[in-house]
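To keep things clear, I will list the structure first and then write my remarks on it.
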């Protein structure tokens, strides 16, 4: 449920979501990440800078990951990290803001399975 369809966000979980186990969270943000140094096709104009500046990830309203992002990150950044699965699962929310004031937000439920 991303709020900005121009820049889609995909969240996926890799691993067995048992309580106490570690799962990998993968976040793919569709964003051009233009540095402002690249020339347009006409060879005269520069493509304006447009980069993500901040990414925040929360699990059940608690910040679990925060990143300052810059020009060294490629287009469509992929962010990956491990978390411990809570007993009752939860909701992962992702928020970002770029240098032009564009924002993106999405949420995905992490369901915990006992086995």
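A short reminder: the numbers here are calculations on the coordinates, not readings from a lab. If you're wondering where the values come from, they're calculated on a predicted model, not measured in any experiment. Backbone-built Cβ (ideal geometry, glycine too); neighbour counts: all protein chains shown.
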Inset, instruction - Check whether at least one residue in region 32-52 is in a strand (DSSP E or B), more than 11 Å from the chain's Cα centre (by Cα) and exposed (fewer than 12 other Cβ atoms within 10 Å of the Cβ), and report yes or no. - result: yes
Inset, instruction - Select from region 66-89 the residues that are outside any loop (DSSP other than H, G, I, E, B) and without any contact (Cβ under 8 Å) to a residue 40 or more places away in the chain and list them in ascending order. - result: 66, 67, 68
Inset, instruction - Please name all residue pairs, on different chains or six or more residues apart, with Cβ atoms under 7 Å, provided the first residue is in region 16-44 and is on the phi > 0 side of the Ramachandran plot and the second residue is surrounded by 16 or more Cβ atoms within 10 Å (Cβ to Cβ). - result: 20/85; 33/51; 33/52; 33/73; 33/77
